[in-house]
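What follows draws every value from the coordinates through simple rules; no lab data is involved. Quantities reported herein were computed from a predicted structural model and do not represent experimental measurements. Note: ideal-geometry Cβ built from the backbone for every residue, glycine included; neighbour counts use all protein chains shown.
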Amino acid sequence: MNKKGFTLIELLVVIAIIAVLMGILMPSLNMAREQARSLQCQGNVRTLTLAWILYTNENDGGLVPARPTGINQKSFVQTRITSFSPDLIEQEKEGIRQGLLYPLIKEVDVFRCPSDRRKNTANATFRSFAIAGGANGESWAGSTVGKKFTDIKSPATKYVWLAETDPRGFNVGSWVMNVQARTWVDPFSVWHTKHRTTLGWADGHVGMQHWVDNSTIEMCEAAIDSVISGQNPMAGFFKTVPAGEGEDVLFMAKGYPSKNN
C-alpha cells in the first residue's frame with residue numbers, strides 16, 4: 001500500500017488552524033498571567049501593610065519612618081546612594097535588608113510588584129512600593145505628618161502603601177501630593193490592566209483602585225516612559241488637573257494619611 005503524505009494545501013490548512021487557535025488562546029493566556037501578577041501584587045502589599053501595623057504595635061504606636069534615608073539613618077528601607085552604579089539592583093536590595101521593616105518580612109521580593117517593568121531599563125530600579133508622606137514621611141504644602149498610629153483618622157479610609165514611579169529612577173523619599181490644592185506632586189504606577197493600582201490601607205485591607213481621569217493615566221505613563229527611556233527625569237511631577245476631571249485626585253486627597261486630614 002502506498003503511503004500518502006500531506007499535500008501542501010493540507011499543510012497550509014493545518015497551519016492556518018493552529019494560527020487561529022493561537023490567536024484565540026494568547027489573549028486568554030496573557031489575561032491569566034496578568035491576573036496572577038495582580039494577585040501576587042496584592043499579596044505583597046498585604047504583607048507590607050501587616051508589617052507596617054506590626055511595627056507600630058511593637059513601637060508604642062509609632063509609625064515606621066516613611067522617607068528612605070542614607071546609610072546612617074533609619075527608615076523602612078535605606079535608599080541607594082546614586083542612580084549611576086553598575087550594581088543598582090543589588091544596592092537597592094541591600095537597602096531593603098537594612099530597613100526597619102525587613103526583620104518583620106524577611107523577603108526582598110515582597111517590596112516589588114511583579115508587573116513592574118523597570119528592572120532592565122535605563123534607570124533600573126527594584127523597589128516598587130512607597131509609603132505616603134503623611135504617614136511619618138515628608139510634609140508637603142501644609143500637610144502635618146503623623147508620627148503615631150493614633151494620628152491617622154479613620155484608618156480604614158487612609159491608604160499607606162502604593163506603587164510609585166519616580167522618573168529619576170529609584171523611588172526617592174516618600175510619596176506626596178498637595179492635599180489642600182488637590183494637585184499631584186509625585187506620579188505613581190499603573191502597572192495593571194484596566195488602569196489599576198494596588199493600595200494598602202492603614203487598617204490592613206488591600207484593594208485595587210481603578211483610575212478614571214485621562215490626565216491621571218497620562219501623568220503615570222509619562223513617568224514610566226521617562227524611566228524606560230532614561231530621558232526627561234522630571235516627567236510626571238507637579239501635575240494639575242484639567243477642568244472636567246478630578247475624580248482621581250479627590251479620591252487620593254481624601255485618603256491621604258496626614259495628621260490634619
Highest average packing first - 90-100, 233-243, Cβ atoms within 10 Å: 90-100, 233-243
Residues V145, V64 arranged by fewest to most Cβ contacts within 10 Å: V145, V64
On Cα atoms only, tilt of 88-97 relative to the major axis of the chain in degrees: 50
Inter-label distance for R117 and R196, nm, one decimal - labels placed 7 Å from Cα along Cα-to-Cβ: 1.8
Three-way shape call for the stretch 189-261 based on the alpha-carbon gyration tensor, with the a/c threshold at 1.5: prolate
Straight-distance crosslink candidates among aspartates and glutamates, where the alpha carbon sits under 15 Å from K147 and sequence neighbours closer than 8 are dropped: E58, D60, E138
(i) 6, 22, 23, 16, 11, 9, 7, 4, 1, 0, 0; (ii) 7, 28, 33, 16, 6, 4, 3, 2, 0, 0; (iii) 6, 26, 28, 21, 12, 4, 1, 0, with the label sought being that of the calculated P(r) over Cα pairs in 10 Å bins from 0, in percent: (ii)
Exposure proxy ranking, count of Cβ atoms within 10 Å, fewest first, for D213, D203: D203, D213
Highest-first arrangement of 50-56, 149-155, 175-181, where packing means the average Cβ count within 10 Å: 175-181, 50-56, 149-155
Between the stretch 193-261 and the stretch 112-173, the Cα center-to-center distance that results, in Å: 11
